[in-house]
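Here's the structure we're looking at; comments come further down.
The values are calculated or read from the model by the stated rules, or taken from the named source; none is laboratory data. On a predicted model such as this, the values are computed, not experimentally measured, just so you know. When we count neighbours, we look across all protein chains shown, and the Cβ atoms used for this are built from the backbone with ideal geometry, even at glycine.
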Amino acid sequence: MSIENRSQTRAPSIGMRALRTDDLPQVLALQASVYPSSLLESGQVLASKISFVPAGWTSLAACDGDTLCAYALGYPWRSNLQPSWNRPLALQQDCDVLYLHDVAVSRAYAGRGIANALVSQLMRQGQQFGLSRAILIAVEGAQRYWSRLGFVAIPAASTDPAFGDDAVLMQRELTLPGAV
Ligand SMILES: CC(C)(COP(=O)(O)OP(=O)(O)OC[C@H]1O[C@@H](n2cnc3c(N)ncnc32)[C@H](O)[C@@H]1OP(=O)(O)O)[C@@H](O)C(=O)NCCC(=O)NCCS
């Protein structure tokens, strides 16, 4: 699958595929390059978030040859559970929302629409799994970025304090016209 948008002219070799546990060394390096140390999750936790998902579900990688330029980690989730930080994921039953846990783009590949393409594909996958809503926790001031993709803050919602003081729980319907 290739990333077909603004990135096509500027980075023609970038492709999208399922994120795998053997990507973990590059995922950990990318994570450490864009987040402060207080927001880094362990390899074991990230491996669980890639693996303990329903059959047929995948998180996504954007690759330039062998180089991981971005990843988007998301999975079906239950809206009555508060997402946690740096705790291993257990397979959930009766999921009703897509939880976009983490989207990170290497600085060398920023601004090419890669995050937008990965999020759009995860949302399409969520729809195929019968989910009608996506939620996420915006950290590090990313609320404005997510607003541009149609997410709105959920008023008075609390988040795991580990996500930081400025964390904001946001949501978006998956069925709105004009998907990202
Ligand atoms: C946020 C992030 C995923 C965007 O990736 P990307 O591939 O560069 O995004 P896109 O190319 O789809 O969109 C780029 C646009 O988003 C804007 N943008 C990027 N980060 C932003 C932020 N934190 N707040 C507001 N706008 C932001 C860029 O300025 C650019 O705007 P433009 O189109 O007007 O030039 C990337 O910057 C990143 O990995 N940041 C660090 C990790 C992070 O904060 N992830 C989200 C946590 S909830």
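Remarks
- Check on Arg172, more than 14 Å from the ligand (Cβ to nearest atom), farther than 27 Å from Ser33 by Cα and modelled with pLDDT of 95 or more: no
- Given (1) surrounded by fewer than 19 Cβ atoms within 10 Å (Cβ to Cβ); (2) under 23 Å from Gln143 (Cβ atoms); (3) touching a residue at least 24 places away in the same chain (Cβ under 8 Å), number of the condition Ala108 does not satisfy: (2)
- Filtered by the rule that a residue be hydrophobic (A, V, I, L, M, F, W, C) and either without any contact (Cβ under 8 Å) to a residue 12 or more places away in the chain or assigned to a loop (DSSP other than H, G, I, E, B) (or both), the stretch 12-28 gives a lone residue, Leu19.
- Only one of the numbered conditions (1) on the phi < 0 side of the Ramachandran plot; (2) not in a strand (DSSP E or B) is not met by Leu100, and that is (2).
- Screening Val45 against (1) part of a loop (DSSP other than H, G, I, E, B); (2) modelled with pLDDT of 95 or more; (3) touching a Pro at 6+ places or on another chain (Cβ under 7 Å) leaves a single unmet condition, (1).
- Qualifying residue in the stretch 56-71 (condition: among the aromatic types (Phe, Trp, Tyr), closer than 15 Å to Ile14 by Cα and near the ligand (Cβ under 9 Å from one of its atoms)): no
- On the stretch given as the stretch 1-40, residues that are charged (D, E, K, R), farther than 14 Å from Asp64 by Cα and at pLDDT 95 or above total 2.
- Set Gln121, Gln143, Gln127, Gln82: member being touching a strand residue (DSSP E or B) at 6+ places or on another chain (Cβ under 7 Å) and either away from the ligand (no atom under 12 Å from the Cβ) or at positive phi (or both): Gln121
- Matching residues in the stretch 84-96 - criterion: being farther than 17 Å from Gln44 by Cα and at pLDDT 90 or above: Asp94, Cys95, Asp96
This table checks each residue for (1) within 25 Å of Thr175 (Cβ to Cβ); (2) surrounded by fewer than 19 Cβ atoms within 10 Å (Cβ to Cβ).
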site	(1), (2)
Thr21	no, yes
Glu41	no, no
Thr67	no, yes
Ala90	no, yes
Asp94	yes, yes
Leu100	yes, no
